[in-house]
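For reference, the structure is listed below as structure tokens.
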Amino acid sequence: MARLETLLKWGGIRRDVVFLILSALALIASIFKPAALPLDPAWLAILLCGVPILLEALVGLVTAFDIKADLLVSIALVASVCIGEIFAAGEVAFIMQLGALLEELTVAKARAGIEKLVRLTPRTARRLFPGGEEIIPAQQVRVGDLLRVLPGETVPVDGVVRTGQTAINQAVMTGESLPVDKGPGDPVSSGTVNQFGSFDMEAVKVGEDSSIQRMIRLVQSADAGKAKIVGIADRWATWIVVIALSAAILTWLITGEIIRAVTILVVFCPCALVLATPTAIMAAIGNVTRHGFLVREGDALERLALVRRVAFDKTGTLTQGIPQVTQICSFLPQWPEDRLFRAAAAAEARSEHPLGKAVVRCCREKGLDIPEASAFRMLPGRGVEATVEGEALLAGSAALLKERGIPLPRKAELAAQACQKSGCTVIYLAQGGQAAGLLALADTLRADAADTVERVRAAGAEPVLLTGDHQNAAGHIAAQLGISQVQAGCLPEDKLAWIARSQREGSPVCMVGDGVNDAPALKQAMVGIAMGGVGSDIAVDAADIALISDDIRELPHLLELARRMMTTIRLNLSFSMALNFIAIFLAIRGTLNPVVGALVHNAGSVAVILNSALLLAWRRK
């Protein structure tokens, strides 16, 4: 359906181009007025470009009493024809349609980047069954189906690798340029491309729930027509129609010259005013799309320009969201750090606890071999015990050591306190009835987090940390980032209350988060930005903007562009109003005729569209 809409849209643009070319040739012919022609060639421009305007105005007026720019343009066209200004009528129709085409092209260019997602939707899937495999339409895949993906093929649905090793190009979802290794148990997303090595996967999210379809829905919801300021422009356009008709009638009655009245109608058309806002919004959406953002609400950028505080969630937003072993402390000379680390990883190798898995992963990342453990036993809520290289080893909490009667030396207590003060979680290790050492695990900062926070501050917004973590962890992260305002230990309702209070006090908040617990805050904030790559579906659905690449370095650009967009809109509105009133004054005096008036007025519309189009490539140096 999305592909069909795209084709129809581009088909409409091509048709408009053909009509404009024919109309332009007709107007050129009208200038020379060939005697052999029975009718003024400008009538062709009126038929091709003017009739659609007349029909749209009539339908809007009859069905919804919708008084907008098209009505005033239609009145100007009819009046010009009635007084014999056929060329002026054709010129008005031509330039109005030219302005509409420029707007359409601006919008099309702005959304071209995200509409590529529609074409990336997988068409088929290779489903496995007891007798072999079959190729079926991707829409027919069901949750639990076992699928095979060959090298070079697109992953048809979201799922989990069951067998096989490969590397996946995830650029469409995360913006990563390098392929990511995948093996059994790893998740894969629809729309990503299998680089080499076939693998079998189990379907987890299919149809409308898949990642690529979610991205397409975000694209389709990016609608500039929702912006509040567009409504303001439309209301102005309604009043301008009334004022234009009044001014034209009064001028006709006072001067007795109907051509002046018609000229007023021509120059008073609020085309530039109506084009001023949506073209700027869509150009700005196109800009941020190329930097990894999908704007779900048309007025989100307008609201973002008002933001005075940016509240960050910690885990998964400013940090990697993955526990890392940050410190290894040995208390016994026969247990050097590497041996301690290897033994801890061996003991945790069969553990299902996230921290135990993190120890194993970090040990492998360090390039250490992990010996086999025996006599493994899980101690729920306390830790694990196992025999590693002939040594009985305990790994777990301080409560586990206390339960086994193993004292902690003063050195161990001080080391643990220092780690916990910096927000780390501690795993104690004991062997032979005495404490052997400890491992400290913490969520590490993103490499670009500190720079991003500083640039957000430079963009005129105060950074704030809102997190559910305890005060030590929050304070440690905030100190590293230079954030002075910290709200720690926040439940979802606490984040919600803080944002509501800040906004009541006159400081609109932009919330940046990734988890399910951030969804209420993302909704409450003036603007919610979800980490679309690692964030939960619920968080993305609650947000106004999704950061698909998870590259928070682009957040300051988003803030700066939103403010630049509002400046462009104000310039467009001021310019269009000033040009209208100057042209009206000249029309009342008789300086402008309908033909010149149409040129002056519609040149303003083109100028507004071109000024908005500059936002497509704008970036502060």
Residue set L610, L615; condition in contact (Cβ under 8 Å) with a residue 40 or more places away in the chain, under 17 Å from the mean Cα position of the chain (by Cα) and part of a helix (DSSP H, G or I); output residue L615
Is at least one residue of the range 463-471 surrounded by fewer than 21 Cβ atoms within 10 Å (Cβ to Cβ), over 11 Å from D313 (Cβ atoms) and either out of contact with any strand residue (DSSP E or B) (no Cβ under 9 Å at 6 or more places or on another chain) or of a type in the set (K, R) (or both)? yes
The condition from (1) crowded, with 24+ Cβ neighbours inside 10 Å; (2) modelled with pLDDT of 85 or more; (3) of a type in the set (S, T, N, Q) that T277 misses is numbered (2)
**Request:** With respect to R217, determine if the residue is part of a helix (DSSP H, G or I), under 30 Å from D551 (Cβ atoms), modelled with pLDDT of 75 or more and under 21 Å from the mean Cα position of the chain (by Cα).
**Result:** no
For the structure I just gave you, tell me whether T591 is hydroxyl-bearing (S, T, Y), modelled with pLDDT of 80 or more and over 25 Å from I243 (Cβ atoms).
no
query = Out of curiosity, is A447 free of Cβ contacts under 8 Å to residues at least 60 places away in the same chain and over 20 Å from T425 (Cβ atoms)?
reply = yes
Only one of (1) in contact with a strand residue (DSSP E or B) (Cβ under 9 Å, 6 or more places away or on another chain); (2) surrounded by fewer than 14 Cβ atoms within 10 Å (Cβ to Cβ) does not apply to G475, and that is (2)
Residue hits (the range 500-530; farther than 19 Å from A546 by Cβ, part of a helix (DSSP H, G or I) and not polar (S, T, N, Q)) are A500, R501, R504
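Given the residues L393, L401, which is the only one that is without any contact (Cβ under 8 Å) to a residue 40 or more places away in the chain, among the aliphatic types (A, V, I, L, M) and in the same structural domain as H353 (by TED's automatic domain parsing)?
So the residue among L393, L401 that is without any contact (Cβ under 8 Å) to a residue 40 or more places away in the chain, among the aliphatic types (A, V, I, L, M) and in the same structural domain as H353 (by TED's automatic domain parsing) is L401.
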Only unsatisfied item for I136, checking (1) modelled with pLDDT of 90 or more; (2) over 28 Å from the mean Cα position of the chain (by Cα); (3) part of a loop (DSSP other than H, G, I, E, B), is (3)
Residue pairs qualifying under the 7 Å Cβ cut-off, at least six apart or on distinct chains, with the first in the range 577-589 being more than 18 Å from V73 (Cβ to Cβ) and the second being of a type in the set (S, T, N, Q) and surrounded by 14 or more Cβ atoms within 10 Å (Cβ to Cβ), are I588/T251
Selection from the range 443-455 of residues crowded, with 21+ Cβ neighbours inside 10 Å and under 15 Å from G423 (Cα atoms) yields D443
Sole miss for R564 among (1) modelled with pLDDT under 85; (2) not in a loop (DSSP other than H, G, I, E, B) is condition (1)
Residues of the range 409-430 being farther than 22 Å from E391 by Cβ and not in a helix (DSSP H, G or I), in sequence order, are S422, G423, C424, T425
Of the conditions (1) assigned to a loop (DSSP other than H, G, I, E, B); (2) crowded, with 22+ Cβ neighbours inside 10 Å, the single one that H291 does not satisfy is (2)
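Which residues, taken from the range 372-425, are acidic (D, E) and either in contact with a strand residue (DSSP E or B) (Cβ under 6 Å, 6 or more places away or on another chain) or under 30 Å from T315 (Cα atoms) (or both)? Break it down stepwise before answering.
Here is the first cut: in the range 372-425, the ones acidic (D, E) are 372, 385, 389, 391, 403, 413.
Hits for the range 372-425 are E385, E391, E413.
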Confirm whether G460 is in contact with a His (Cβ under 7 Å, 6 or more places away or on another chain), surrounded by fewer than 21 Cβ atoms within 10 Å (Cβ to Cβ) and not in a strand (DSSP E or B). no
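Can D514 be described as modelled with pLDDT under 90, over 15 Å from P463 (Cβ atoms), under 12 Å from the mean Cα position of the chain (by Cα) and charged (D, E, K, R)?
Numbers: modelled with pLDDT under 90: yes; over 15 Å from P463 (Cβ atoms): yes; under 12 Å from the mean Cα position of the chain (by Cα): no; charged (D, E, K, R): yes.
When the stated conditions are applied, D514 does not pass them.
Yes or no: L555 under 32 Å from the mean Cα position of the chain (by Cα), surrounded by 20 or more Cβ atoms within 10 Å (Cβ to Cβ) and either in contact (Cβ under 8 Å) with a residue 12 or more places away in the chain or part of a helix (DSSP H, G or I) (or both)? Before you say what the answer is, go through the steps one by one.
Numbers: under 32 Å from the mean Cα position of the chain (by Cα): yes; surrounded by 20 or more Cβ atoms within 10 Å (Cβ to Cβ): yes; either in contact (Cβ under 8 Å) with a residue 12 or more places away in the chain or part of a helix (DSSP H, G or I) (or both): yes.
Answer is yes for this residue.
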The condition from (1) within 17 Å of S351 (Cα to Cα); (2) in contact with a Pro (Cβ under 7 Å, 6 or more places away or on another chain) that E389 misses is numbered (1)
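The values are calculated or read from the model by the stated rules, or taken from the named source; none is laboratory data. Model, not experiment: these values are computed from the prediction. All Cβ positions, even for glycine, are placed from backbone atoms using ideal geometry, and neighbour counts span all protein chains on display.
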